[in-house]
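Step one of this worksheet: look at the structure below.
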Amino acid sequence: MSEDIAIKVRGLTTAYGTHVVHDKLDLDVKRGEILGVIGPSGTGKSVLLRAIVGLKRPETGTVEVFDRNVTDLEGDDLREVQNLWGIMFQDGALFSNLTVRENVMVPMREHTDLPEPLMKQLADQKLRMSGLDDSAGPKFPSDLSGGMRKRAALARALALDPPILFLDEPTAGLDPITAAGFDTLVRELQSALSLTVFLVTHDVDTLVATCDRIAVLGRKKVIATGPIEELRRNDDPWIQDYFCGPRGRAAQAGES
Amino acid sequence: MPDRPEYELSTDASRGRLSVSGDWTVHTIGKISEQLAAEDTSGFEGLEVDCAQLGRLDTAGAFIIDRFACRSGGGTVKPVNASEQATALLKQAAELRPERDDEQNKKEFGVVDLLERTGRATMHFIDETVETLSFLGETIMAMAHIVTRPSKMRWTALVSVMEDSGLDAVPIVAFLSFFVGMVVAFIGATTLSEFGATIFTVELVGIAILREFGVILTAIILAGRTNSAFTAQIGAMRMRQEVDAMTTLGLNPMDVLVVPRAFAMLIMTPVLTLIAILFGVGGGAFVSWLALDINPTVFMNRLQSYVPIENFWVGMSKAPVFGLVVALIGCRQGLMVGGSVQSLGQSTTKSVVQALFSIIVIDALFAVFYLELGI
Ligand SMILES: Nc1ncnc2c1ncn2[C@@H]1O[C@H](COP(=O)(O)OP(=O)(O)O)[C@@H](O)[C@H]1O
Ligand SMILES: [Mg+2]
């Protein structure tokens, strides 16, 4: 049944110095699903993302993407697998010396041989797809609002139509209405492009609105995975607090 | 390995029919997009896209097919034999069409355009000058304000800037002046020896260093060293919105950032100039001693009796002005930095260029001024 598993993490241990962040962690992301990853701040959600995409070298363990081992790749092999995913970093990480459109063109320049004018048009298309106006293209990231920057970062992540999308707290710091718009956008793009999405978030509303399955990180491992209804019945105290605390209940009320 | 994308174009009455095959993805469409753009589409009133042989399709592929359809009149794409996903992608591409096709936004390089750019540059230069002068006024007001109320002065900042841009610049200023003094003496020695008047090297070194080189060298070193540091420090604070935070907390960036720097430069530039003059004359005396056998004591005696002391005061009088210019331009460009790394770099470059330019121009004005005064 490995056929429909997009990302398979096995026995992953990561550490910074003596500080172990993950200890023999296992995780599966199925093809075509949106997996929400939650957990208290500092449990290593961002580090897990970095370990999967090869930005953080694990101490032990393997990461397989579409049945291909991507741990410890270098050079051309790494470049090749980088085509498989787009990443939207926690704070956008747009290049501040490039315009928004040029930001989206960076991956195209690096990985394809498209002619320049077509690249520009495609970049504009991606920006429209992420819900930005054509007028945003020539602006610099510093001239955009937080929400627009996140959309621009999403457009850059989608530049090469990767089958997998990593989002690190895409709605953090956005107002609820913009955040809801972003949730819808992710959901729509996911179904239009049949993406597999790895979504790190703290936002219960985002989880309810977008995720097919949720993985809870804690105590250096994945302590539970499953659809949201299943997790509500889990008796881990943190999960109970998370879903049945005041904010979790509000989200549940909004859902029904 | 992806299949190369290919297509066949046929007409069927007035309707075009595009049969596509292979993989149409962002990695493969590079060549074919140009080919497709070169196709003649006159006489088409709509396009049918046959996707029976189509391999993989992504948004980039859908985009160029849709763009082709736009050109083929009507702008409607009718996919035939297409998978659900391909249909959805083509539909999405059609929904996201740009409002207008700006394929040709070339830059103009005509004569009119040259004139326009020249005009803009001139206006920009005038604006810059006016704004710098108004910033000068603003700073002087703020400084006067502080002088009347010394308790509001940021003493720590003042002393720290004095150390960073004054004390730490002493070695480089001394070193360079010494060498320039040596060079002036050498040139004087070789030129004057033709007339057998090598003793005038003393006057040459004395007047050149006291009146011009001491202060100009100091100012240029400060423009390169301190001015750019001011711009970078304040600019980095602007980039991280620290200056805005300061303002909201009731601190005036003028008082906190600009005034201490201006005062520090006002105090330190004359000190540095004095050091430059001492070392410059020292360099001259050193060469005179080695190359011309003019004993340092003789050198000093001649300097005292034949080089009027006014030269020294002329040189020193320019020092605070140059110091203020460096501080002002550095701070102003720093405060003008926007949010991007790019603008920080631009501002730093601009501030050094403007400072050097102003120093030379002001020095020329001083020369005319003192000439008229007969000093
Ligand atoms: N570059 C780093 N150096 C040292 N420790 C780090 C580094 N990055 C993250 N960590 C540690 O790893 C842990 C997990 O961090 P992170 O993945 O950012 O948490 P979150 O789940 O909030 O995204 C934290 O305890 C953090 O201190
Ligand atoms: Mg994080």
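For this structure, a couple of remarks:
- Extension gain, B:M153 back to B:V368 (0.36 nm per residue minus Cα-Cα distance, nm): 73.8 nm
- Between A:T184 and A:D72, full extension at 0.36 nm per residue minus the direct alpha carbon distance yields a gain of 36.8 nm.
- Estimated purely from DSSP H runs of n ≥ 4, each contributing -39500 (n - 2.57), the mean residue ellipticity at 222 nm for chain A is -12000 deg cm²/dmol once divided by its residues.
- Convex hull volume per residue in cubic angstrom - Cα atoms of chain B: 274 Å³
- Rounded to the nearest 20 debye, dipole of the range B:86-216 from Cβ charges on Lys, Arg, Asp, Glu: 340 debye
- Relative contact order (%) - the range A:15-107, alpha-carbon pairs under 8 angstrom, separation at least six: 16 percent
- Measuring r between the beta carbons of B:D3 and B:S42 and using R0 = 35 Å, the FRET efficiency lands at 0.70.
- In range of the label at B:S317: residues from the range B:199-238 whose backbone nitrogen is under 14 Å from the point 7 Å along Cα→Cβ: B:211-212
- Note on B:E131/B:T190: beta-carbon distance plugged into 1/(1 + (r/R0)^6) with R0 of 41 Å gives a FRET efficiency of 0.30.
- Among B:L222, B:T190, B:T273 - extreme Cα towards positive end, dipole of the range B:163-292, charges at beta-carbon: B:L222
- Computed on the Cα atoms alone, the convex hull of the range B:6-95 gives a volume of 75 cubic angstrom per residue.
- Estimated dipole of the protein assembly as shown in Debye, rounded to 20 [Cβ of Lys and Arg +1, of Asp and Glu -1, Cα centre]: 1620 debye
- Projecting the Cα atoms of B:L96, B:V341, B:F263 onto the dipole axis of chain B, where Lys and Arg carry +1 and Asp and Glu carry -1 at the beta carbon, places B:F263 farthest toward the positive end.
- Spacing of the two label points (7 Å from each Cα toward its C-beta) at B:A142 and A:E59, in nm: 5.2 nm
- Ratio Rg/Rh [Cα only; Rh per Kirkwood] for the protein assembly as shown: 1.14
- Where only C-alpha atoms are counted, convex hull volume of chain A per residue in Å³: 137 Å³
- Remark: chain A carries a charge dipole of roughly 420 debye about the Cα centre, counting +1 on each Lys and Arg Cβ and -1 on each Asp and Glu Cβ.
- Helix-only arithmetic for chain B: the sum of -39500 (n - 2.57) across DSSP H runs with n ≥ 4, divided by the residue total, places the mean residue ellipticity at 222 nm at -21500 deg cm²/dmol.
- Using the Cβ-Cβ distance between A:V20 and B:V256 with R0 = 56 Å, the FRET efficiency computed as 1/(1 + (r/R0)^6) comes to roughly 0.80.
- As a length-normalised measure over Cα pairs under 8 Å and 6 or more apart, the relative contact order of chain B settles at 16 percent.
- Per-residue Karplus couplings for the range B:38-51, computed as 6.51 cos²θ - 1.76 cosθ + 1.60 with θ equal to phi - 60°, are listed in order as 8, 5, 8, 10, 5, x, 7, 10, x, 9, 10, 10, 8, 9 Hz, Gly and Pro entered as x.
- Relative to the longest principal axis of the Cα atoms of chain B, the long axis of helix B:296-306 lies at roughly 90 degrees.
- Taking each residue as 0.36 nm, the span from B:T247 to B:R117 lengthens on full extension beyond its C-alpha to C-alpha distance by 43.1 nm.
- The mean sequence distance of close C-alpha pairs (under 8 Å, at least 6 residues apart), as a share of the length of the range B:6-95, puts its relative contact order at 30 percent.
- Simple label model, 7 Å out from Cα along Cβ direction - B:K91 to A:I223, nm: 4.3 nm
- Pairwise Cα distances in the range A:80-171 exceed 14 Å in 59 percent of cases.
- Cα-based helix-to-principal-axis angle, B:59-71 vs chain B, degrees rounded to 10: 70 degrees
- In the structure shown, the pairs A:K24/A:K150; A:K30/A:K221; A:K56/B:K31; A:K126/B:K350; A:K56/A:K139 are assessed against 29 Å; a Cα-Cα span above that value is assigned to A:K24/A:K150; A:K56/B:K31; A:K126/B:K350; A:K56/A:K139.
- Of A:F166, A:F198, A:F95, the one that fluctuates the most in a GNM where chain A has Cα springs shorter than 10 Å: A:F95
- Helix B:170-193 axis, angle to chain B major axis (alpha carbon atoms, nearest 10°): 70 degrees
No lab work stands behind these numbers, since they all come straight from the coordinates. Being a predicted model, the structure only gives us computed values, none of them experimental. Glycine also receives a Cβ, built like all others from the backbone with ideal geometry; neighbour counts cover every protein chain displayed.
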